[in-house]
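Just so you know, all these numbers are worked out from the coordinates, no wet-lab data involved. What you see is a predicted model; the values in this text were computed from it and never measured. All Cβ positions, glycine included, derive from the backbone under ideal geometry; neighbour counts span all protein chains shown.
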Amino acid sequence: MTCTTPVIVALDYPDAAAALALAAQLDPQRCRLKVGKELFTASGPQVVDQLHKLGFDVFLDLKFHDIPNTAAAAVRAAAELGVWMVNVHASGGRRMLDACREVLDQRTGERPLLTAVTVLTSLEQEDLLEVGVDIEPMVQVQRLARLTQDCGLDGVVCSAREAKALRGALNDDFLLVTPGIRPADASADDQKRVVSPAQALENGSNYLVIGRPITRAELPAVALDSILATLG
Ligand SMILES: O=c1ccn([C@@H]2O[C@H](COP(=O)(O)O)[C@@H](O)[C@H]2O)c(=O)[nH]1
């Protein structure tokens, strides 16, 4: 069954039981699921298997960032789990990105989409300055997105604030995966470059990654439905 919406729900939970309890309330045709560092570290690959058995596409969001050989081997291991999407950090550089793409090119049969994180949506200009990047997030995102496309990956993770500019500059089929999505009445939490779900789509996002506004809602399935209703 294929998912018909752009929403990816971030399952940021401390154990598999909590993640599976949330997944059981959701419909695999109405959202995909994201397994990140907390859940994967606590529960391992089994949780990915269990989510697959419930019928969900899984985005394995482990943001690999290492020397080319290590990052590529990790991407290969993720592909072997049968995930729908896996990601790395674009700041790992050209040789790391090339190695990760090549390892998937060598696979026969199903391969996951490979995306690269540009600038985390929790960062703003002052944060970049502190780590020696003396430019606006938008400029750094554009630079890393061009590099990612050049290396033949499927897309980038960025804020939907940058989506419009990227859409004009990159190939039409290059995917823009955007966390930092917040409905108008939701708390931004630790996110800085936030955009509403409808605005993100209008800006050209392909996939909206949404965690706490859904997972911390009293009725997560209802929260998802009301977000989907704003998307038209
Ligand atoms: O730049 C990035 C990359 C990844 N994320 C991840 O997305 C979700 C967002 O969760 P919310 O609760 O909706 O804030 C989370 O799992 C992050 O690890 C991101 O936020 N920004």
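Under 5 Å from the amide H of residue 10 lie the amide H atoms of 34, 210, 211, each residue being 5 or more positions distant or on a separate chain, with H modelled from the backbone and absent for Pro and chain starts. Going by the alpha-carbon gyration tensor, a ≥ b ≥ c the square roots of its eigenvalues, is segment 7-230 rounded (a/c under 1.5) or, if a/c is not under 1.5, prolate (a/b greater than b/c) versus oblate? Oblate shape, in that a/c is at least 1.5 and b/c is the bigger or equal ratio. Listed values for segment 28-45 are Karplus-derived 3J(HN,Hα) couplings in whole Hz (6.51 cos²θ - 1.76 cosθ + 1.60, θ = phi - 60°), namely x, 7, 10, 6, 9, 10, 10, 9, x, 5, 5, 5, 5, 5, 6, 10, x, x, and x replaces Gly and Pro.
Among the trypsin sites (Lys or Arg not before Pro) found in segment 30-119, those both in a DSSP coil and sparsely packed, with 14 or fewer other Cβ atoms within 10 Å of their Cβ, are 107.
Find me the longest stretch of the chain that has none of the exposed GluC sites (Glu not before Pro), where exposed means in a DSSP loop (not H, G, I, E or B) with at most 16 other Cβ atoms within 10 Å.
For GluC sites (Glu not before Pro) (loop position, at most 16 other Cβ atoms within 10 Å), the longest site-free span of the chain is 1-109.
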